[in-house]
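Engineer: Okay, handing you the structure first.
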Amino acid sequence: MAAPVNQELKKAFSELQVKMIDRQQKVKLADLQIEQLNRMKKHSNLTHTEITGLPPNTRMYEGVGRMFILQSKEEINDQLTDKQKTADAKIKELEQKKTYLERSVKEAEDNIREMLLSRRAQ
């Protein structure tokens, strides 16, 4: 009778362990994405800062694939501002996702501890 309970416990333990590892990997992925978005945001900000110092009639080109397209200063500034806003929104979304995942990892750890304690109590 103890063998089936032991098997069920092992199965539940391994499922929780897999779930926990999966969520930890997702947290790491979210961290990497946040880091990448922060770099992109910083790059856009630096570019915007450099562009604002240029005279208004300066010819500016935007790289598109393997070619460059003539753009006005206002269009480029708008694009950079949009990039920054998009990055901010994505960062906020990823932070919320990361918080949720960290909470679920903690819950999985607590469940594993609880299983082990109940196992020892038997």
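Engineer: Look at Leu116 and say whether it is out of contact with any strand residue (DSSP E or B) (no Cβ under 8 Å at 6 or more places or on another chain), open to solvent by less than 60 Å² (accessible area, probe 1.4 Å) and in a helix (DSSP H, G or I).
Structural biologist: For Leu116, the condition - out of contact with any strand residue (DSSP E or B) (no Cβ under 8 Å at 6 or more places or on another chain), open to solvent by less than 60 Å² (accessible area, probe 1.4 Å) and in a helix (DSSP H, G or I) - is not met.
Engineer: State whether the residues of region 86-94 include one that is outside any helix (DSSP H, G or I) and either over 25 Å from the mean Cα position of the chain (by Cα) or farther than 19 Å from Leu29 by Cβ (or both).
Structural biologist: no
Engineer: Name the residue that is farthest from Thr99 (Cα to Cα), counting only residues in region 20-29 that are modelled with pLDDT of 85 or more and either aromatic (Phe, Trp, Tyr) or surrounded by 13 or more Cβ atoms within 10 Å (Cβ to Cβ) (or both).
Structural biologist: Asp22
Engineer: Separate question: Six or more apart or on different chains, Cβ under 7 Å: which pairs go from a residue in region 96-114 that's modelled with pLDDT of 85 or more to one that's open to solvent by 90 Å² or more (accessible area, probe 1.4 Å)? Could you list them?
Structural biologist: Once the first residue is modelled with pLDDT of 85 or more and sits in region 96-114, its partners that are open to solvent by 90 Å² or more (accessible area, probe 1.4 Å) give Leu101/Lys26.
Engineer: What are the residues in region 63-83 that are buried (at least 16 other Cβ atoms within 10 Å of the Cβ) and either in contact with a Ser or Thr (Cβ under 7 Å, 6 or more places away or on another chain) or under 11 Å from Ile51 (Cα atoms) (or both), if any?
Structural biologist: Correct list: Lys73, Ile76, Asn77, Leu80, Lys83.
Engineer: Here are some residues: Glu35, Glu8, Glu15. Which one is modelled with pLDDT of 95 or more and part of a helix (DSSP H, G or I)?
Structural biologist: So the residue among Glu35, Glu8, Glu15 that is modelled with pLDDT of 95 or more and part of a helix (DSSP H, G or I) is Glu35.
Engineer: Test of understanding: among Glu50, Glu74, Glu8, Glu35, which residue is farther than 30 Å from Lys92 by Cβ and either within 27 Å of the chain's Cα centre (by Cα) or among the acidic types (Asp, Glu) (or both)?
Structural biologist: One residue alone meets the criteria, Glu8.
The values are calculated or read from the model by the stated rules, or taken from the named source; none is laboratory data. Predicted model only: the values in this text are computed from it and were never measured. As a convention, Cβ positions derive from the backbone with ideal geometry for all residues, glycine included, and neighbour counts pool all protein chains shown. Just so you know, the surface numbers come from the protein's heavy atoms only, side chains and all, with ligands and any DNA or RNA stripped out. Shrake-Rupley method; radii C 1.70, N 1.55, O 1.52, S 1.80 Å.
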